[in-house]
């Protein structure tokens, strides 16, 4: 269908306007509320509203304040028809249809209306027409395209045959819902059947178990009865067995008492036999005892004699040993004394030497003391010591100097004798030496018979004289002090003094040497004490000498024991070749007769050794004596013991003899032996009897019988107990069976099984039907969905293609099988349609309509009428939409109603019409 | 001497495959059969009735059955002798020892509690071999006969036993089987005139003079000839025995086998079912084999649905049914399927054909069966639209 022209008269704000439509895009521009929506509205009213109608819709389009009927006229081509259709409503309504081709026809009124509808129905898909119209304000909704048969046809043409099986699908769904919930779960009988089956199966199982239980009770009852019978029989049998056992055991008792009796007899016989043997053996013992004791007495005799002999011998030996010991002791005493003598002689000798040395020292000390005292005194008597001498020398020098000085000033006299005449100068005779001297005093020179010359000194200078005088005076004072008369004498004195000092010192040294650290007094005291000691020694020696000499005159009285040399001999031997003991002993202390120290020492050593040997000999002798004495004591004891033993043995022999005699008196040996023989025979007889009794007892196997009795008793108890149990169980089972029998288990089971079978049958049938409908529905739906996917594909492609022009290359939509846009993908984001903004939804709605218009063939299609859609406010989008519109316009008629002239200005092949408000 | 021999009343028994209503009727039918036995006894002027074991279905029955049984037996004009069998042995739970039984047993009703000859009427004695437990380990009949002397003159002696006859039992080592040669020897030796047995529900003559009486009312679909009682005539002088079976059963359990390969076959089956009388006392198991188109299968389902309401029980015997349903060219041609529906049909058809040969034995239907069912459903739903 194609709109050719629309004319409005007195329609809303339009007094009269005609819009001629292009084949493609027509843009109708009109101010809001005046005209542009009126175009769409007029077309719709023409289609839907009879001229006679007075509905609100009609009244809405009546011009305000004017009593005129709104009028609309439309010229269109549809199918083979060219026609003009005009209507006026409310005031002088008319309806006129002028069909111009293919067959001219004019109709009016309802006829016109009906004919127009018929033509539309014949040629146009009215649903499509409605869908493609976008009324202002409704743009947000998608058109419902799924049932537009023109579109379906178009899509069918592009996708292949689909078929329309809505009724079939509905029937399948109904059938399906009979068995399944919309969610695919079993419902109704189908759902409950399985549960019913399970429940019935459980009940059947329970009843079968109960039945089986009852069967078991029956079986058990049967078994129990058998057991009861068996036990009853067994009870009788076990009782009998018990009695048999008890009887056997009773018989056993007599055997046992016989055995006991014979055993007692054996015991008695054995005891008697034992006693007889014992008696006989006692008699033999007595005889043996007697014999033994006789022998013992003999032995004791012999031992006593031997002991006595030994005792005597020991007594003799002891005596000998004793005298030997006494002799040895004497000799030892002698030797010791000799040793002491020798020692004392040595001591005397030593003391004498010491006394002499000490006396010498004392003498020396005394002499040195005297000399020292003398020298000291001499020293002390000479005052000229070194200092004095030095002072004197000094003074003399000073004097000589002074005299020299004066002499130099004085006359010098020199005399020399010429002839043999003696010349004397002063008192002195002139020798061959000339005399040369200063004349300081009157000097007389005399030559006997020849001349006497006196020379007098002239007068010296005073000070020289005075100095000489002074010096002389000092010198002379010093001389006086020193007790000397001249320097020479002083020097001599000094020399003497020094010699005295030397002597003194020597004496001093000698004294110290003699004293050797001791004082003289000490030495003298020691000397005195030595003297005293010596005196006592002398006394003792003297007595010794006497004694010795006395002995010498006495020959050796006691004979020396062989091999035991006496001390004297030893001493003598030791002194052989030297001054003998006698010599030593008789040594005179007089000088010249004194034996040497070495001799004395040797003598002493010999004496000492002799003494030691004598001591040892004495000790040995003493020991020997003690041994002999001990031996003697032992021998004495032995004798006593032997005597006692002999006495005891004799006594016992006496007793034994008496006992044997008594015993034999009481019972003879022969009767004893006979008694043993009798007892032995009796014992053997009783043992044989016992053997027989035991054999009889064992043959009765008493242990087996005892065990059998035990077993029989236990068996009776056990069988009784088991019988009781069986009886109790019998009652229990009878009760249980009676109880179960009243239940009618079989009937109940049959009922349940019948119900179960029905349920299973029902379920199987239902299940089968359910499976069938499930499969059918699934198969149908899967094919339908597949078909619809193919069916909607061209639609989706159209929308995508246009959308990509407007929005960009990544624009995409998904379209449901009901041809509704389900989601839009843009910039990688997929948004469900319902979640899109109003603008976006409107845009997609427009695109959907345009796609629809493109798909439907031109002759079957309807114009797309877009009433000022709001969505494309964005100028860029609008530009792109213009491109799309231009493209759609090539195959479909598009009418754009807008109040903004510029809005669709860029649609290339668009015709623009203007509506002007009156 | 004439008497009625019967066995395996299985009173208290019912069939679990039956619906609630049919099950109750079936239960009652067994008691009704007993009443008819009494009628036969009157009619034939029999001297007594002997029931050879399994009078009751179980010892575990609700004791209410006892009173109902006695009520049915009360109409009998002659003595009725009951032999405990393997279902109702004389064990500790025996129904014959129930207080309800002992207290109310009518005077003319006797229970054979041992093998001693029981003189039921003048000139007739019964030697019974009652069961004392469910699992005997000996030939009870042989035991019962072991001490028998030849029958006195003028006395008819009947052996009543229960159990599997050795000649019928494939398990030759079964301890409790009734040894037929031994029994024959007893009869030949003149120690008894006739032996009637229970346990086999189909009336069967093992040997001359040795009979299974069979159940008076059917109990299972495998039985060949149930529903009878035996009218036995014995001439003690000549030892001649004549046995006549009389039908007293009203119910039938049948297996209907058909090969279905076309709509005609379906119609024939429907006709056959329609022809069966007394449908409310009939249980039918269908053993169907063949291959049907979807539309024919729909017809079959419809026919079976209709018939199912009439019979006491009508069902496919799954184990013996192998029915493939495959759409043919015409089935869906007229249903106007196109587009995706046609594609779905094609897929289901392919599934239905695949592995059609390999039939699952287990309860769960194979994928091809599900697909066939789905096709049937599609056929029905698509067709219902028209």
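Answer with yes or no whether residue A:723 is facing chain B (nearest Cβ under 7 Å), at pLDDT 85 or above and under 30 Å from residue A:232 (Cα atoms).
In short, no.
Within the range A:172-188, which residues are touching a strand residue (DSSP E or B) at 6+ places or on another chain (Cβ under 7 Å) and touching a residue at least 24 places away in the same chain (Cβ under 8 Å)?
Within the range A:172-188, A:179, A:180, A:186 qualify.
Under 16 Å from residue B:84 (Cβ atoms) and surrounded by 17 or more Cβ atoms within 10 Å (Cβ to Cβ), is that true of residue B:135?
For residue B:135, the condition - under 16 Å from residue B:84 (Cβ atoms) and surrounded by 17 or more Cβ atoms within 10 Å (Cβ to Cβ) - is not met.
Between A:46, A:76, A:90, which is farther than 30 Å from residue A:886 by Cα and surrounded by 15 or more Cβ atoms within 10 Å (Cβ to Cβ)?
A:90
Among (1) buried (at least 18 other Cβ atoms within 10 Å of the Cβ); (2) at the interface with chain A (Cβ under 10 Å from one of its Cβ atoms); (3) free of Cβ contacts under 8 Å to residues at least 60 places away in the same chain, there is one condition residue B:112 misses while meeting the rest; what is its number?
All conditions are met except number (2).
What number of residues within the range B:74-87 are crowded, with 21+ Cβ neighbours inside 10 Å and more than 19 Å from residue B:127 (Cβ to Cβ)?
Selection size over the range B:74-87: 2.
Considering only residues that are touching a residue at least 12 places away in the same chain (Cβ under 8 Å) and within 14 Å of chain B (Cβ to nearest Cβ), which ones fall in the range A:782-809?
Those that are touching a residue at least 12 places away in the same chain (Cβ under 8 Å) and within 14 Å of chain B (Cβ to nearest Cβ): A:784, A:785, A:787, A:788, A:789, A:790, A:791, A:792.
Can you tell me which residue is farthest from residue B:244 (Cα to Cα) among those in the range B:1-36 that are more than 17 Å from the chain's Cα centre (by Cα) and away from chain A (no Cβ under 14 Å)?
The extreme case among them is B:35.
Over 30 Å from residue A:226 (Cβ atoms), in contact (Cβ under 8 Å) with a residue 12 or more places away in the chain and exposed (fewer than 12 other Cβ atoms within 10 Å of the Cβ): is that true of residue B:154 in this structure?
When the stated conditions are applied, residue B:154 passes them.
Is it the case that the range B:43-52 has a residue that's surrounded by fewer than 22 Cβ atoms within 10 Å (Cβ to Cβ), within 14 Å of another protein chain (Cβ to nearest Cβ) and in contact (Cβ under 8 Å) with a residue 12 or more places away in the chain?
No, the range B:43-52 contains no residue that is surrounded by fewer than 22 Cβ atoms within 10 Å (Cβ to Cβ), within 14 Å of another protein chain (Cβ to nearest Cβ) and in contact (Cβ under 8 Å) with a residue 12 or more places away in the chain.
Need the failing condition index for residue B:337 against (1) within 14 Å of another protein chain (Cβ to nearest Cβ); (2) crowded, with 21+ Cβ neighbours inside 10 Å; (3) out of contact with any strand residue (DSSP E or B) (no Cβ under 6 Å at 6 or more places or on another chain); (4) not in a helix (DSSP H, G or I), just the number.
Here residue B:337 meets the rest and fails (2).
Kindly provide the set of residues from the range A:741-766 that are farther than 30 Å from residue A:214 by Cβ and more than 8 Å from chain B (Cβ to nearest Cβ), ordered by number.
Correct list: A:762, A:763, A:765, A:766.
Just wondering, is there one or more residues in the range B:70-85 that are within 12 Å of chain A (Cβ to nearest Cβ), more than 19 Å from residue A:218 (Cα to Cα) and over 21 Å from the mean Cα position of the chain (by Cα)?
No, there is no match, as no residue in the range B:70-85 is within 12 Å of chain A (Cβ to nearest Cβ), more than 19 Å from residue A:218 (Cα to Cα) and over 21 Å from the mean Cα position of the chain (by Cα).
Output the number of residues of the range A:757-775 satisfying the condition of being touching a residue at least 12 places away in the same chain (Cβ under 8 Å) and more than 17 Å from residue B:379 (Cβ to Cβ).
Number of matching residues: 7.
The values are calculated or read from the model by the stated rules, or taken from the named source; none is laboratory data. Predicted model only: the values in this text are computed from it and were never measured. Using ideal geometry, Cβ is built from the backbone for each residue, glycine included, and neighbour counts are taken over all protein chains shown.
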